[in-house]
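I am attaching a structure below and will ask some questions about it afterwards.
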Amino acid sequence: MGQVNRDAWQAAAAFAARAHRHQVRNDGRTPYIAHPMRVAITVRHVFGCEDEGAMCAALLHDTIEDTTTDYDDVAGGFGEEGAGIVGALTKNMAMPLAEREADYDARLARADWRARLVKLADVFDNWCDCAELSAEARAKLPGRAERALALAEPDRAGHPEMERAVRAVRGIVGM
C-alpha cells in the first residue's frame, strides 16, 4: 500500500462508515459510504497520492457537512490538521447559496493543497456516478469541475499527484 499508514486510513474508514451509516446515495439504493470510499480509491489509485492526510480526508470529506459529526469530532480522532482539511471541504449550509459557494471556494483556495486534491477526487467520483444523479444535479457537474480545476491550478507545479488529478478530471469531463 505504499506510504499510507493503514491504521489511520482504517480508522478514518470506520469513522466515516459509522457517520454515514443511515444514508444512501441519490439513487436511493447505494449506501452513502460507497462515495467516500471511491473518493479515497481515486486519491490513491487514480491520482497516485500516498499521503496519509489526503487519504483520511478523502474518507472523511462529507462527515461534517452531511452527518451529525462536527469539527471537534474529526479533530479528536484525526488531529487539527485532518479536521482542517475536512473543514475546508465543508460548505456552510447556514449561508445563502450564492454566499455559501463563494465562501467555500475562498476557504478551499486558502486550505492545505490536499483539500483541493480531495475536491478533485470528489468531482471525479460524482462524474463517474452521474447516471445515478438527477438531471438538476448532473447540470451542476461541469461548473463544479471547472471551479475545482481552477482552484487546483496553482498546486500542479509542486505536487505531481495534483498534476495527475487535474489530467484525470479534465479527461473524464472532457475539458
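Wholly within region 46-99, which helices (runs of 4 or more DSSP H) include no fewer than the required count, namely at least 1 residues that are under 14 Å from residue 8 (Cβ atoms) and small (Gly, Ala, Ser)?
Those helices (runs of 4 or more DSSP H) span 52-60, 71-88.
Can you tell me which residue among 166, 123 is open to solvent by less than 70 Å² (accessible area, probe 1.4 Å), within 22 Å of residue 100 (Cα to Cα), in a helix (DSSP H, G or I) and free of Cβ contacts under 8 Å to residues at least 60 places away in the same chain?
Residue meeting the stated conditions: 123.
Residues 25, 18, 44: which one is over 11 Å from the mean Cα position of the chain (by Cα), farther than 26 Å from residue 162 by Cβ, modelled with pLDDT of 95 or more and open to solvent by 10 Å² or more (accessible area, probe 1.4 Å)?
18
This table checks each residue for (1) under 14 Å from residue 120 (Cβ atoms); (2) touching a Phe, Trp or Tyr at 6+ places or on another chain (Cβ under 6 Å); (3) not hydrophobic (A, V, I, L, M, F, W, C).
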position: 32; (1), (2), (3): no, no, yes
position: 38; (1), (2), (3): yes, no, yes
position: 41; (1), (2), (3): yes, no, no
position: 50; (1), (2), (3): no, no, yes
position: 56; (1), (2), (3): no, yes, no
position: 60; (1), (2), (3): no, no, no
position: 68; (1), (2), (3): no, no, yes
position: 74; (1), (2), (3): no, no, no
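Test of understanding: among 8, 12, which residue is in a helix (DSSP H, G or I), modelled with pLDDT of 95 or more, among the small types (Gly, Ala, Ser) and surrounded by 14 or more Cβ atoms within 10 Å (Cβ to Cβ)?
12
Now for a separate question. Return the total of residues in region 48-68 being touching a residue at least 40 places away in the same chain (Cβ under 8 Å) and within 13 Å of the chain's Cα centre (by Cα).
Matching residues across region 48-68 total 12.
The values are calculated or read from the model by the stated rules, or taken from the named source; none is laboratory data. What you see is a predicted model, and the numbers here were worked out from it, not measured in a lab. With ideal geometry, Cβ positions are generated from the backbone for all residues, glycine too; neighbour counts draw on all protein chains shown. Surface areas here come from the heavy atoms of the whole protein model, side chains and all, with no ligands, DNA or RNA. Shrake-Rupley method; radii C 1.70, N 1.55, O 1.52, S 1.80 Å.
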